[in-house]
Protein chains: 2
Amino acid sequence: MIKPSLQQNPKVTVSDSFWLKYRQLVKEEMIPFQWNVLNDRGNITIESERDDATIPTEKSHVIENFKIAAGLKAGHHYGWLFQDSDLYKWIEAAANTLALETDEALVAQVEETIDLLEAAQADDGYLSTYYQIDALQLKFRRLFESHELYCIGHLIEAAIAYKEATGSERLLQIADKAIACVEAHFGKAEGKIDGSDGHQELELALVRLYELTGNRKYLDLSAYFLDVRGQKPDFFADQLEENDRLGLQQGSKPVINTVYHQADKPVIEQDTARGHAVRLVYMAQAMAGTGHYQENEKLVAAAKKIWENIVQKRMYVTGGIGSTVRGEAFTYDYDLPNDLMYCETCAAIGLLNFSNELLKSETDSRYADIIERTLYNGIISGMALDGKHFFYVNPLEVDPQASALNPDKSHVKAARPSWFGCACCPPNLARTLPAVGRYAFTQKADEVLLNLFIDCELAAEKDGKAYMIRQSHTFSEQGRTLITVEKTTSAVLRLGIRIPYWVENPMLVVDGEEVVAEISNGYTYVTVKSESMAIELSYTIAINELEAHPLVKADKGKVSLQRGPFIYCMEEQDNGKQLHLLALTGAIRPRFRSDKILGDIVCLEAEGELHVMEDDWQDTLYRVHKKPQTVPQKLTFIPYYSWGNRSLGEMQVWIDKEDAHV
Amino acid sequence: MIKPSLQQNPKVTVSDSFWLKYRQLVKEEMIPFQWNVLNDRGNITIESERDDATIPTEKSHVIENFKIAAGLKAGHHYGWLFQDSDLYKWIEAAANTLALETDEALVAQVEETIDLLEAAQADDGYLSTYYQIDALQLKFRRLFESHELYCIGHLIEAAIAYKEATGSERLLQIADKAIACVEAHFGKAEGKIDGSDGHQELELALVRLYELTGNRKYLDLSAYFLDVRGQKPDFFADQLEENDRLGLQQGSKPVINTVYHQADKPVIEQDTARGHAVRLVYMAQAMAGTGHYQENEKLVAAAKKIWENIVQKRMYVTGGIGSTVRGEAFTYDYDLPNDLMYCETCAAIGLLNFSNELLKSETDSRYADIIERTLYNGIISGMALDGKHFFYVNPLEVDPQASALNPDKSHVKAARPSWFGCACCPPNLARTLPAVGRYAFTQKADEVLLNLFIDCELAAEKDGKAYMIRQSHTFSEQGRTLITVEKTTSAVLRLGIRIPYWVENPMLVVDGEEVVAEISNGYTYVTVKSESMAIELSYTIAINELEAHPLVKADKGKVSLQRGPFIYCMEEQDNGKQLHLLALTGAIRPRFRSDKILGDIVCLEAEGELHVMEDDWQDTLYRVHKKPQTVPQKLTFIPYYSWGNRSLGEMQVWIDKEDAHV
């Protein structure tokens, strides 16, 4: 096993029109919009993510909370216990944008928030506005729900991004002070708290900080929190009991579902994806990263086991995860209802990063497959094409009537609201989308992997010598990817190019000569010796009718369509109401379409049939079965990520297939 | 229009072995068991009907509550606000049993409870143990949840049953005193409460009391409560505000969902089945009865409109109603998920009685169809064949794994518990099953209807002259019903015999001569002139493959099987796991089976196919679609009511049908 080398975020400049559009929306729409939200400016409607009167939707109050904590204002905390993280994610989004493009006004806004954070942070480094303002007696004493360490995790991620973008270490210093506070309070030593946060996040942030700094103490702290988790399943409940014993005023003492928190047994023994989906993937990412750098094979193997369970048994075809709103959680193998699921945008982002982390330690294109599946489908579906509206929940089947009238589906929104009471998803998108180029490459000690066909340029170093990889592609009827490598030396560079599973008849031409593309773990390798090399990969983009495992009840007799990295869906706007009465019967053709709202997209068109509703059904609910009458109907599919951008209507990813029934 | 005449419960002696078994279980198992529950005796496990820690499951405490209210004991109330009704339903069950068979010990138990009720009832007639013990300041002041009038309704129904069974008017006197208390507090007059209870029930009980006594004041009171409902949608909320204004100590002030209570608009304007399913059908039954006797055609028409909406758009094939656990409620037209539904036993009983009420005012066998559908399927499925275990929720598709691991299905029990925290369903069954003979006949001024083929004898009067109708039947391969009419006079009797929709080739022989059975509104009429007449109806019992309306998404491409009055289902015990992988492909044959647990039943057997799960699915969740491989498999169906009586396993009513897909 090769000693793992530090893998920092690759420096990638994206020029891909598909992704530049998102980067622009983040910069021009999301960042200014969220800035207003954080400052309670403007007339912003905040929606509940589901029918629940306890969700705070009056205002954001984030900046106000920090001002009160800093003593600059009087008042009480408002919002979720994790409200602080909204600001940290906003800073990270701003930083990731600044990394691409300078913007003095934006820097000034970030600096202003850093001033505020400095003022709000306690002398010992503690920073959690709710507890500072309203419940200091409970500092680190209700970890099942407090999100104190979770928020520090997001602070660290923001600090890293800001350092990478601007070189400024101001925010890193605040983060470091907060970490010192954590170190002072947590650990095995007598008198310290020997436990972890109810929401994993600090762990993965510490791995990133180790990658930035090379300082192993961060890695060790991450390992500590992973190791202590689930060792004492009653830890969270015991804290509440102790608070009572000490006579501390505290809130409710709910029965704690330790599976929800992945805290019922040691992480290394957790071999399926259980509990709250976002928590699980955040934890598993940290397991993969910490295990990799600590060369702890058991920890990496445990992370992989969880990953296999997700992608082989608990993941929607869009890369979405979480089968139920109750606990926003995983349920059991093959339980993937299309109309009740959760598929939170944050969870898909978590699965993206978890897969990316595993790719660092193991070259296998299956990880890149999931990176691609989540990015092009279940993640970007979380944002409207106007950059102003967002999904928390990304369903695979929607009937606006059901969302409005069946309370089991109150969380399944048929249209994207502009903001949520629990605003985790939009800022998570905002920090991820400008950084999408990072996932295109993985730089390892002995090789560079090209994972995604995104037009971009990687500027990198190997053994202190600069090299550059530029790629551009087209996904029109025939797929083509052009790759140029330029180096300052003749040192050998091993470049692995992923050949996606949706590629047919790949043809590889290196410096004008056709080469047999031998594929190993999903990558074909080119050894670059000269100072420059031109590689051309041409291929047919398959249009696949996918079927799900037979134990996925919800998809029985149905297929979903995929072309290239995109999963497709049908919308009422193209196919009429009652999508469930349609079936796919014939061939599928791609059609290039320029739509005012949807932009330039490749639609899929297919022969289909409509189950005709006879007149005699008028007053009848049940009748003796007759063979159904059908009429031909042309079916139109659009990429899944683009659904819900026109008028309110039905949407469906899985469609009945003529010969898919027994 | 014929002036409506009072229709009291017909006096019917049941000799049908199918129903005698239930009557025996009620007498020998349920009544003694519930007596122990009510008295907190024995080691009884009470289950939550769903994942909800607030459901009281520690004990019943019902008798204890009455003793405390009577001043015989000290202590506080325990249990639901409607806990008193458990006792009233138990008395009604006991009385309906006593009507069939004398039992001095049981009479003594009932008399003992009547002593207790007399002692507990306040001088002004008020009787509600929770408010009497713990919150008298809130008497009639939190009607949205108090169930005070609801409980009086059940007290009245118990009193009627006890009077009919024993002739004793002791309980009627308590009921009458309670009604006087209601009259003193409710009405249009200044200073009175001008509103209704959050749970309808009193209204239908008052109609029954009118039928017993002929006293119109009961009918008028029912009409008042129906009329006032929904006139002021803020009524319930206003009460809570007023309590605050008066400085009365009260509990929480939740946002009241007036649709749940059917109180958002006048009942006469409610043209669909909305809100809590039990409340809706109880209300609609009262609308039908009150409208009928008051000759208020608008009210009857409104009730019929609700009924049509239910049976044409919102009812499961088992007669179950309520599509969601959230609010135990109706949702919208054709929304009938088989694995998430509520289908509460009480709601099916309510639909039975609602249909029976409409049959009084309109001779149409469609009402009897629903009486039959609910009784033979969605009602008796609520009770195990041992008479000791009960369903609250009656699903049409069950996977024990889903019930255990997907919290959206925590209410869908895969096995019947012995008792529930909210114990409305078991005693509702206990009062209904001994009285099943009543639904076999409808006596009207101008005709007698024979609705159900149940072996029994009706003893009745027409114009003061006695007559008797005896029927017996067989549902073996060929159906046959023998009917004998005996009269003391030669006055003409018009007998309508329902020809069910599942009867094929009916042949009618009257006094040995074949007669052409002309059918009007689903009944064929025989005019009995002589003092006795023998009628023989022979028919083929159809085995129907039913399909649901195409807009019922959950049933698309599927059929359910029906033979005679019974809906069928598949169980894992007969068909193996993964029922959803089976499809019906061939002919269906009845098979007579004597099973140790299921008893003597007619099974259905059919040719089918099993979708084979290929080995290469092992680590794959999605793949490019291939035509499925199948192997032939014999399918076995059992009557739906009998499911869940063997080991824990999957169950499914709707099955994929080879040619049902487009």
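If only residues of the stretch B:317-327 that are more than 9 Å from chain A (Cβ to nearest Cβ) and in a loop (DSSP other than H, G, I, E, B) are counted, the one that is surrounded by the fewest Cβ atoms within 10 Å (Cβ to Cβ) is B:THR318. Note on the stretch B:404-423: residues that are in contact with a helix residue (DSSP H, G or I) (Cβ under 9 Å, 6 or more places away or on another chain) and part of a helix (DSSP H, G or I) amount to 2. Among the residues of the stretch A:603-634, those identified as among the hydrophobic types (A, V, I, L, M, F, W, C), surrounded by 14 or more Cβ atoms within 10 Å (Cβ to Cβ) and at pLDDT 95 or above are A:CYS603, A:LEU604, A:ALA606, A:LEU610, A:LEU621. If you check A:TYR218 against the conditions, is it outside any loop (DSSP other than H, G, I, E, B), among the hydroxyl-bearing types (Ser, Thr, Tyr) and either under 25 Å from the mean Cα position of the chain (by Cα) or over 30 Å from A:GLU397 (Cβ atoms) (or both)? Taking the combined requirement at face value, the residue satisfies it.
Each row is one residue, and each column tells you yes or no for (1) of a type outside the set (A, V, I, L, M); (2) closer than 30 Å to A:CYS569 by Cα; (3) away from every other protein chain (no Cβ under 14 Å); (4) surrounded by 18 or more Cβ atoms within 10 Å (Cβ to Cβ).
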| site | (1), (2), (3), (4) |
| --- | --- |
| A:VAL510 | no, no, yes, no |
| A:GLU514 | yes, no, yes, no |
| A:GLU518 | yes, no, yes, no |
| A:TYR525 | yes, no, yes, no |
| A:GLU536 | yes, no, yes, no |
| A:ALA548 | no, yes, no, yes |
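The single condition among (1) in contact (Cβ under 8 Å) with a residue 12 or more places away in the chain; (2) surrounded by fewer than 19 Cβ atoms within 10 Å (Cβ to Cβ) that B:ASP115 does not meet is (1). Scanning the stretch B:183-197 for residues that are under 31 Å from the mean Cα position of the chain (by Cα), outside any loop (DSSP other than H, G, I, E, B) and more than 14 Å from B:ARG141 (Cβ to Cβ) yields a single hit, B:GLU183.
Scanning the stretch B:559-580 for residues that are more than 9 Å from every other protein chain (Cβ to nearest Cβ), in a helix (DSSP H, G or I) and not polar (S, T, N, Q) returns B:GLU572, B:ASP574, B:LEU579. Applying a threshold of 9 Å to beta carbon distances and a minimum spacing of six or more residues, or different chains, the list of pairs starting in the stretch B:148-172 at a residue that is outside the structural domain of B:PRO427 (by TED's automatic domain parsing) and ending at one that is hydrophobic (A, V, I, L, M, F, W, C) and modelled with pLDDT under 95 is empty. Check the stretch B:424-432 and report whether any residue there is of a type in the set (D, E, K, R), out of contact with any helix residue (DSSP H, G or I) (no Cβ under 6 Å at 6 or more places or on another chain), under 29 Å from B:MET315 (Cβ atoms) and not in a strand (DSSP E or B). Taking every residue of the stretch B:424-432 in turn, none turns out to be of a type in the set (D, E, K, R), out of contact with any helix residue (DSSP H, G or I) (no Cβ under 6 Å at 6 or more places or on another chain), under 29 Å from B:MET315 (Cβ atoms) and not in a strand (DSSP E or B).
The set of residues in the stretch B:645-662 being within 12 Å of chain A (Cβ to nearest Cβ) and touching a Gly at 6+ places or on another chain (Cβ under 7 Å) consists of B:ASP656, B:LYS657, B:ALA660, B:HIS661. The single residue among B:ALA288, B:ALA263, B:ALA302, B:ALA277 that is away from chain A (no Cβ under 12 Å) and under 19 Å from A:LEU621 (Cβ atoms) turns out to be B:ALA277. From the list B:LYS11, B:LYS27, the lone residue that is at pLDDT below 95 and among the charged types (D, E, K, R) is B:LYS11. Within the stretch B:254-268, is there a residue that is under 22 Å from B:VAL207 (Cα atoms), touching a residue at least 24 places away in the same chain (Cβ under 8 Å) and among the β-branched types (Val, Ile, Thr)? There is at least one residue in the stretch B:254-268 that is under 22 Å from B:VAL207 (Cα atoms), touching a residue at least 24 places away in the same chain (Cβ under 8 Å) and among the β-branched types (Val, Ile, Thr). Inspect all residues belonging to the stretch B:59-71 and state whether any of them is aromatic (Phe, Trp, Tyr) and not in a loop (DSSP other than H, G, I, E, B). So far as the stretch B:59-71 goes, yes, one or more of its residues are aromatic (Phe, Trp, Tyr) and not in a loop (DSSP other than H, G, I, E, B).
For a quick check of your reading: which strands (runs of 3 or more DSSP E) sit entirely within the stretch B:581-644 and have at least 1 residues that are within 11 Å of another protein chain (Cβ to nearest Cβ) and over 28 Å from A:ASP333 (Cα atoms)?
Here the list reads B:582-595.
In the stretch B:263-320, which residues are acidic (Asp, Glu) and either farther than 19 Å from B:SER365 by Cβ or in contact with a Phe, Trp or Tyr (Cβ under 6 Å, 6 or more places away or on another chain) (or both)? Matches in the stretch B:263-320: B:ASP264, B:GLU269, B:ASP271, B:GLU295, B:GLU297. Just one of the listed residues (A:GLN270, A:GLN239, A:GLN262, A:GLN231) is surrounded by fewer than 20 Cβ atoms within 10 Å (Cβ to Cβ) and not β-branched (Val, Ile, Thr), and it is A:GLN231.
How about the stretch A:474-510: which of its residues are free of Cβ contacts under 8 Å to residues at least 60 places away in the same chain, charged (D, E, K, R) and farther than 17 Å from A:LEU450 by Cβ?
A:GLU504
Taking the criterion of being touching a strand residue (DSSP E or B) at 6+ places or on another chain (Cβ under 6 Å), in contact (Cβ under 8 Å) with a residue 40 or more places away in the chain and either facing chain A (nearest Cβ under 10 Å) or in a strand (DSSP E or B) (or both), the residues of the stretch B:328-348 that qualify are B:ALA329, B:ASP339. Return a yes/no flag: does the stretch A:385-393 have any residue that is out of contact with any Gly (no Cβ under 8 Å at 6 or more places or on another chain), within 26 Å of A:ALA301 (Cα to Cα) and in the same structural domain as A:LEU336 (by TED's automatic domain parsing). Checked against the condition, which is being out of contact with any Gly (no Cβ under 8 Å at 6 or more places or on another chain), within 26 Å of A:ALA301 (Cα to Cα) and in the same structural domain as A:LEU336 (by TED's automatic domain parsing), the stretch A:385-393 yields no hits at all.
Within the stretch B:180-192, residues that are in contact (Cβ under 8 Å) with a residue 40 or more places away in the chain reach partners that are in a loop (DSSP other than H, G, I, E, B) and small (Gly, Ala, Ser) with beta carbons closer than 7 Å, at six or more positions or on different chains, in the pairs B:ALA180/B:GLY125; B:CYS181/B:GLY125.
Of everything in the stretch B:92-112, what is surrounded by fewer than 19 Cβ atoms within 10 Å (Cβ to Cβ) and either among the hydroxyl-bearing types (Ser, Thr, Tyr) or in contact with a Cys (Cβ under 6 Å, 6 or more places away or on another chain) (or both)? Give them in sequence order. Passing the criteria: only B:THR102.
The values are calculated or read from the model by the stated rules, or taken from the named source; none is laboratory data. If you're wondering where the values come from, they're calculated on a predicted model, not measured in any experiment. FYI the Cβ positions are ideal-geometry reconstructions off the backbone, even for glycines, and counts take in every protein chain you see.
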